[in-house]
Structure formats: C-alpha cells, structure tokens
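The values are calculated or read from the model by the stated rules, or taken from the named source; none is laboratory data. This one's a predicted model, so the numbers in the text were calculated from it and none came from an experiment. Note that we place each Cβ from the backbone using ideal geometry, even for glycine, and neighbour counts take in every protein chain shown. The protein model used for the area step is the full one, side chains on, heavy atoms only, and it has no ligands, DNA or RNA in it. Shrake-Rupley method; radii C 1.70, N 1.55, O 1.52, S 1.80 Å.
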Amino acid sequence: MDSITLKVPHTTQRPAEVANYGPKTHISQPTVTGTSVVAFKYKDGIMMATDCLASYGSMARFRNETRMISVGKNTLLGMSGDTGDFQHMKHTLENLLTHEYDMDDGQNMGTRSIYKYVSNIMYGRRSKIDPLWNSYVIGGVENGEKFLGFVDHYGTTYQSPTIATGFGVYLAQPILRKYVEGREDELTEEEAVRILDDCMRVLYYRDGRSFNKLRRAKVTAEGVEISEPYSLETNWAVAETVVGYGS
C-alpha cells in the first residue's frame with residue numbers, strides 16, 4: 001500500500017516566504033547611539049546638555065544630531081542610547097500630544113504625566129523582552145515646581161536634583177554633586193551654564209564617544225529653549241603628561 005503524504009498549508013512555509021519575511025526578531029543591542037546627557041535644577045528651572053554626535057559603533061558617523069526635544073510647552077526630554085528607538089519614542093509622544101490637542105478639553109499634559117507615560121512605555125517594552133535601548137532624562141516646570149526624572153530601558157525610574165547618563169554618571173555626576181546639590185535654588189543661569197560647560201568639557205576629554213559640538217537647553221516657566229550647536233574651548237597640553245596606555 002502506498003504511503004499518503006498530508007500537506008497542511010497553514011502550518012508550513014516555503015523557503016521563499018521565510019527569506020522574504022523571516023521570523024520575528026528583536027533588537028539585541030543598540031546600533032547608532034548617543035552618549036551622555038547632563039541635567040540639573042537651577043534657580044529658574046532645569047538646565048540640560050548633550051553633544052550632537054551619533055556613533056555607529058566606534059565611528060563618529062552623524063555629527064549634527066539633536067538628542068533633546070521639547071514635549072509640550074514646559075517639558076524637555078534628553079536621550080542616551082539608540083537613535084532609532086529615540087525616533088520611535090518621538091513619534092509616539094507626537095501622537096500623544098496630537099490626541100490631547102484633538103480632545104480640546106482645556107487640559108494639557110504636564111511634565112509628571114509625560115514622565116509617567118514614558119516610564120510605562122519603557123517598562124512595557126522591557127516586559128515583552130523587546131526593550132527600547134534608551135535612557136531618558138525628563139525635566140520641566142509644572143505649576144511653579146521644578147521636576148527632573150530619569151527612565152532607563154528597564155523602566156527603572158528615579159528623581160533627583162542632578163542627573164547624568166552614560167559616562168556622565170562617572171565623570172559629570174561628581175562635579176554636579178559638588179557644585180549643584182544643595183544649591184539648586186540659588187544657582188543663577190550664568191552659574192548653571194558654566195557648570196554645565198565644565199561637565200561637557202570633562203566628558204569630551206575622557207569619553208571616546210563624545211564630541212565637541214554641543215546643544216544646551218533650559219526649561220523655565222516661560223517654556224523650553226534649545227540652543228544652536230556650539231563648541232567649547234579646550235586645552236590638550238595635559239596630554240603630554242599622560243603615560244601608559246601602551247606609550
């Protein structure tokens with residue numbers, strides 16, 4: 001008796017179909033990335049800075065990126081990590097704000113609501129084992145109160161007067177603790193700019209994925225201002241005194 005072969009079309013895939021679509025995959029690591037975000041509270045609001053570099057591995061590939069965006073009127077969001085996932089988050093927040101505008105109910109999303117929304121997205125994607133490979137710093141002024149919070153790709157959150165991501169955790173945070181913490185209600189804008197530039201200068205010296213083309217932003221009760229790119233004065237004379245590293 002001849003054997004009978006049964007074909008069940010709904011449970012088989014031809015090789016061509018696998019080649020065209022393939023199985024569902026998740027991003028296992030960031031590809032094009034931005035490095036540190038530095039932010040802190042000062043007398044009038046929140047000050048934040050990033051550089052303009054997006055690195056492809058160790059290549060300084062894209063040198064005019066903006067890693068800070070305004071969300072609504074009084075909220076600022078800064079990003080470390082994968083730029084593609086950052087674009088996804090930007091589109092998600094734009095859709096949220098468009099929906100809120102279309103509701104036309106006289107209510108606006110404040111900084112804390114946006115912070116909670118972003119943290120829920122990050123934790124939800126992490127729980128699906130498909131994280132967005134970013135760390136976000138979210139700052140703003142809501143009802144006269146300054147707010148500064150952090151969210152990472154695990155959905156971990158915390159709030160602090162000073163926040164840094166990437167190498168800034170190790171290189172900029174000690175500077176912020178010395179010159180900002182305990183004085184956040186006294187610092188003038190000029191002092192805040194000087195401290196922020198000192199942090200970014202140290203990061204440029206010591207972080208191989210940083211770049212001396214920066215953007216600085218501030219959030220006050222009047223709104224969000226993001227500067228045009230600028231560069232810092234640097235002094236590399238100290239390099240002659242560095243020993244080791246194979247030299």
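Relative contact order of the range 69-156, please, whole-number percent, based on alpha carbon pairs below 8 angstrom and at least 6 residues apart. Averaging sequence separation for qualifying contacts and normalising by length gives 35 percent for the range 69-156. For the chain, a simple Cβ point-charge model (Lys and Arg +1, Asp and Glu -1, everything else neutral) yields a dipole of about 820 debye relative to the Cα centre. Would you kindly calculate the translational diffusion coefficient of the range 143-203, applying Stokes-Einstein with the Kirkwood radius from alpha carbon pairs, for 10 °C and a viscosity of 1.306 mPa s, and quote it in µm² s⁻¹ without decimals? Rounded, D is 126 µm²/s. Which one, 204, 140, 107, is farthest towards the positive end of the dipole of the chain when Lys and Arg carry +1 and Asp and Glu -1 on their Cβ? Of 204, 140, 107, it is 204.
For the pair residue 87 and residue 31 in one chain, pulling the backbone fully straight at 0.36 nm per residue adds 18.8 nm over the alpha carbon distance. Mean-square fluctuations from a GNM of the chain, with a 10 angstrom spring cutoff on Cα atoms, peak among 169, 118, 180 at 169.
Taking label positions 7 Å along the Cα-Cβ direction at both residue 189 and residue 230, the computed distance is 1.1 nm, reported to one decimal. Summarised as an ellipsoid, the range 81-225 has semi-axes of 27, 21, 14 Å, derived from the eigenvalues of the Cα gyration tensor scaled by 5 and square-rooted, with the largest first. The angle between the Cα long axis of helix 189-206 and the main principal axis of the chain comes to about 60°, on a 0 to 90 degree scale. To the nearest 10, the accessible area of residue 205 is 70 Å² with a 1.4 Å probe. Dipole magnitude for the range 85-199: computed about the Cα centre from +1 point charges on Lys and Arg Cβ and -1 point charges on Asp and Glu Cβ, it is near 640 debye. If R0 is 41 Å, the Cβ-Cβ spacing of residue 240 and residue 213 corresponds to a FRET efficiency of close to 0.95.
Counting only residues at least eight positions apart within a chain, or on another chain, the lysines with an alpha carbon under 18 Å from that of residue 178 are 41, 43. The calculated FRET efficiency for residue 73 paired with residue 177, based on their beta-carbon distance and R0 = 22 Å, is about 0.10. Give me the tail of P(r) for the range 21-98 as a percent: Cα-Cα pairs with distance above 22 Å. Tail fraction, whole percent: 36.
The distance linking the range 163-227 with the range 53-102 is 19 Å (Cα centroid to Cα centroid, whole angstrom).
Per-residue ellipticity at 222 nm, computed for the chain from helices alone with -39500 (n - 2.57) per DSSP H run of at least four residues, works out to -9000 deg cm²/dmol.
Just to confirm the number: angle between the C-alpha axis of helix 111-127 and the first principal axis of the chain, 0 to 90 degrees, nearest 10? Value to nearest ten degrees: 40.
Give me log10 I(q)/I(0) at q = 0.07, 0.15 Å⁻¹ for the chain, Debye formula, one equal scatterer per alpha-carbon, no solvent. Taking Cα atoms of the chain as identical point scatterers yields -0.30, -1.05. Each of 226, 93, 156 was placed along the dipole of the chain (beta-carbon charges, centred on the mean Cα), and the one lying farthest toward the positive end is 156. Placing unit charges on the Cβ atoms only, positive for Lys and Arg and negative for Asp and Glu, gives the range 53-142 a dipole magnitude near 440 debye about its Cα centre. For residue 104, the solvent-accessible surface with a 1.4 Å probe is about 130 Å², rounded to the nearest 10.
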